[in-house]
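Report on the following structure.
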Amino acid sequence: MDNHRAALNRLPRWFVVTLAAAPALFIAGFYAWPVTNLLWTTVRRANGGGSPFGHVGAIIWFTTWQAVVSTVLTLLVGLLPAYVLARYSFRGRRVLVAVTTVPFVLPTVVVGAAFLALLPQSWHGSARAMIVAHIFFNIAVVVRLVGSMITVIPHDLVGAARTLGASPIQAARLVLIPLLAPALWSAAAVIFLFSFTSFGVATLLGGPTNPTLEVEIARRATQLGDVGGAATLSALQLGLLAVVVVWATRGQRRSAFELKGAAGPRPARTRGERVMVAGVSTAVVLAVGAPIVALVSRSFDVGNGWSMSAWSKLGSAQIRPGVGLGVDPLASVGASLRFAVVAAVIATVIGFLAATAINTSPRLGKLLDAGLMLPLGTSAVTIGLGMLITFDTAPVDWRARWWLIPLGHALVAVPFVVRALLSVLRSIPGDLRAAAATLGATPVRAWWHVDAAALRAPLLAGAGFSAAISLGEFGATTILTRSGRETLPIAIGRLLGRAGALPRAQAFAMATILLALSTVVVMASGIHERLGPDDA
Amino acid sequence: MLDVSGIVVRFGERAVLDGVSLHVDDGEIVAVLGPSGAGKSTLLRVIAGLIRPDSGVVALEGVEITSRPAHLRNIGMMFQDEQLFPNLDVAANIAFGPRMHRWSASIIRERVDELLGVVGLAGFAERRVDRLSGGEKKRVALARSLAPRPAVLLLDEPLTGLDRELHDRLIGELGAVLRTTATTAVLVTHDRDEAAALAGRVVQWSELQRGGS
């Protein structure tokens, strides 16, 4: 009876199916098919003999241990800022939250270039340089995930442990850490995934002697022409990541507790608390600011003192007459901007249709939601490689088509758009639609005036995030890029690979441009506000 | 014997406690009656060692403990919102204090069983605390705060948030437990009936501010 009554004002089935069709086709055609094709290539290759592995064992070992060390150190370094930002209210707290999220929204190529500019020469091409950059990049994950959990742990819970005889360390070990465990598991899984599939940072900072699995896959596909070997390694990586995700999800479920209410931040009262807040704030600003300042200042350093020459020569594709630079710097800015706009449009349209379909049809929605999230668990290089080997024969020989690159970018961006829109859609009270219905609106009109109207801000944020992802995307683009259509990250990577002070300074100049573009997009769309710890 | 004298606590420019004094004899149950937001809970936190006062002295059995950390004071506290540890079951919550005081496992087990009986929750040892009703949570919180045999028990609005019937029933039970265990206690509440039913002596918050009881 209730179901029958509810069905009276439900959106018609044809409407939901129409909404879901485009996202379903998008994910099936440009993700499921290429990745399945990639796995099939691996099976065929295995049957045909010939081991793709060789020295791969050492690469897997290196990729794994650097990811584990990056994860553990990021959690250790990030806990204190997460605690301070979640627990204490102080002047400038919101700005500091925004500052901690800056590294996370920076393109990986910019992070890599910034640490090349900051770290001493002896660190270049080393695992420790990669790990430091991974910590910098992922601090926001700890601040967001662990910080949000800290805000719902009541202040008095630790106080209760103290009055029962627990020392501060015992209270943290026996009460605080177990309650934070689900958030720590989530953060660890995300950081491990990012560090394991590190491509931009690993390419620029790890150097040729420290390739991650992702770097090796790209090297085989683009430099050695060993697409089959690259496909096999991609399949292996997909399998390893799936194991990690399942393991982390189990750990998270085992350690989940119900916490009610929110503690919210409060002013620092004691002298010790005030010193801690001031110390952490200063350290965060310095840690985030130093690589960025180094990046910008090194763009004016061409080996013989301060100079504008790296910037003034960005308009030319030649170092000097007759000697080509290999890339056209300014043209890459144009290409990046074009791709970013196209990727943002695709991701926003697909994300809007998908989020609406997911929200209106629980059963169909669950399937679509799961499908659209898949690219998040797949490395960018794997997505690019899947597309490369799938769209290579008529009638789908699209390898040379320019739109394949922004389409790949959109594939990575859609899950973020869907999440941003769904969180708003799910917070709309059902009674609003009912009110519209009682005022004479059909279900479709009620949906248009209630749901669609509420989505303007999150759509803008989704479009901004998609553009930011596209601007910084490096992995899939490395595989799919064609000469003359280099994006900014590709151009920066190429310039950093060239000898000489001028190309290097030009790379830093272009990384500065990419940094500025990403920052403008992020700030304009208000994404940074969605990434801080939840305010109580 | 608990002696609190001249306690001052400032949060920024605002003095939350301005020269508060209180004296409690061994075995005495004192209720401090005052309006919400007056600073009663802050006073309990100062006595428990959770907030360090800007000035003033807290002494237990004639020994000054103002600078002693909370875990070394042997002063228990029952919080308004219970603050049960959601990662531990009922028995582990009650055993938490004795564990911190390094009691032997067998003595801890005996103490937990004894207190479960005292608060009427025998058979609840392995229950998850987030599955308990409001009244059951209050009982676990009381058992937990009594478990390590504190020299003084602080009760911060212990029966707030319960429906009237349960509230009235628990007043009787809480009073019986405190008297049976001969606990020295300070209760802060805004409920006149609760104060009268539980305490041997009731003092108004305004009296403490003027210089002591």
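Among A:S234, A:T282, A:G264, which residue has its Cα furthest toward the positive end of the charge dipole of region A:55-301, with +1 on Lys/Arg Cβ and -1 on Asp/Glu Cβ?
After comparing all options, I get A:G264.
Treating the beta-carbon of each Lys and Arg as +1 and of each Asp and Glu as -1, no other charges, what is the dipole magnitude of region A:55-301 about its Cα centre, to the nearest 20 debye?
Charge dipole of region A:55-301: 940 debye, to the nearest 20.
For B:M77, which sequence-distant residues (separation of 5 or more, or a different chain) have an amide H within less than 5 Å of its own amide H, given hydrogens modelled in the peptide plane?
B:L154
Leaving out ligands and nucleic acids, note down the accessible area per residue over region A:55-301 with a 1.4 angstrom probe, in whole Å².
39
Ignoring ligands, DNA and RNA, please state the percent of accessible area on region A:55-301 from carbon and sulfur, probe 1.4 Å.
Carbon with sulfur: 69 percent of the solvent-accessible area.
What is the log10 of I(q)/I(0) for chain A, computed with the Debye formula using one identical point scatterer on each Cα and no solvent, at q = 0.06, 0.09, 0.12 Å⁻¹?
Per q value, in the given order, log10 I(q)/I(0) is -0.32, -0.72, -1.23.
Would you work out which of A:A86, B:A59, B:G39 lies farthest towards the positive end of the dipole of the protein assembly as shown? Charges go on Cβ: Lys and Arg +1, Asp and Glu -1.
A:A86
Output ³J(HN,Hα) for region A:456-464: one whole-Hz value per residue in order, computed from phi by the Karplus curve 6.51 cos²θ - 1.76 cosθ + 1.60 with θ = phi - 60°, and x for Gly and Pro.
My calculation for region A:456-464 gives 4, 5, x, 5, 5, 4, x, 5, x Hz in order.
Suppose every K and R has +1 on its Cβ and every D and E has -1 on its Cβ; what is the size of the dipole of chain B about the Cα centre, in Debye to the nearest 20?
520
Roughly how many whole Å is it from the C-alpha centroid of region A:220-247 to that of region A:461-528?
Answer, in whole Å: 25.
Rounded to a whole number, what % of the accessible area of region B:99-213 do carbon and sulfur atoms account for, probe 1.4 Å?
Ligands and nucleic acids excluded, carbon and sulfur reach 49 percent.
Just to confirm my numbers, what's the Cα centroid distance between region A:138-195 and region B:1-40 in Å?
So the separation of the two Cα centres works out to 32 Å.
Taking Cα centroids, how far is region B:188-211 from region A:374-412 in Å?
73
How large is the accessible surface per residue of chain B, computed with a 1.4 Å probe and reported in Å² as a whole number?
Ligands and nucleic acids excluded, the figure is 42 Å² per residue.
Once amide H atoms are placed 1.01 Å from N in the peptide plane, what residues at a sequence separation of 5 or more from A:V302, or on another chain, have their amide H within under 5 Å of its amide H?
A:S307
Given the DSSP H assignment, sum -39500 (n - 2.57) over each helix run of at least 4 residues in chain A and divide by its residue total; what's the result at 222 nm in deg cm²/dmol, nearest 500?
Helix-only estimate at 222 nm: -22500 deg cm²/dmol.
What are the trypsin sites (Lys or Arg not before Pro) within region A:389-431 that DSSP puts in a loop, where the Cβ has at most 16 other Cβ atoms within 10 Å?
A:R399, A:R401, A:R426
Give, in nm to one decimal, the length gained when the segment between A:A435 and A:R269 is fully stretched (0.36 nm per residue of separation minus the Cα-Cα distance).
Result for the pair: 55.0 nm of gain on full extension.
So if R0 is 51 Å, what FRET efficiency would B:D168 and A:A28 give, r being the distance between their Cβ atoms, rounded to the nearest 0.05?
0.20
As an exercise, use a Förster radius of 41 Å and the Cβ-Cβ distance of B:E207 and B:R52 to find the FRET efficiency, rounded to the nearest 0.05.
Efficiency for this residue pair is about 0.95.
What percentages make up the Cα-Cα pair-distance distribution of region A:55-301 when the bins are 10 Å wide from 0?
7, 27, 31, 22, 10, 3, 0
Tell me the total accessible area that B and A bury against each other, 1.4 angstrom probe, in square angstrom rounded to 100.
2100
Calculated FRET efficiency, A:D397 and A:R494, Cβ-Cβ r, R0 30 Å, to nearest 0.05?
E between A:D397 and A:R494, to the nearest 0.05, is 0.70.
Report the one residue of A:W33, A:F104, A:M387 whose Cα lies farthest in the direction of the positive end of the charge dipole of chain A (charges on C-beta: Lys and Arg +1, Asp and Glu -1; origin at the Cα centre).
Result: A:F104, furthest along the dipole toward the positive end.
The values are calculated or read from the model by the stated rules, or taken from the named source; none is laboratory data. The model shown is predicted, which means the values in this text are computed figures rather than measured ones. A quick note on method: Cβ atoms are made from the backbone with ideal geometry, for glycine too, and the neighbour counts reach across all protein chains shown. Please note that ligands, DNA and RNA were not included when accessible areas were found on the heavy atoms of the full protein model with its side chains. Shrake-Rupley method; radii C 1.70, N 1.55, O 1.52, S 1.80 Å.
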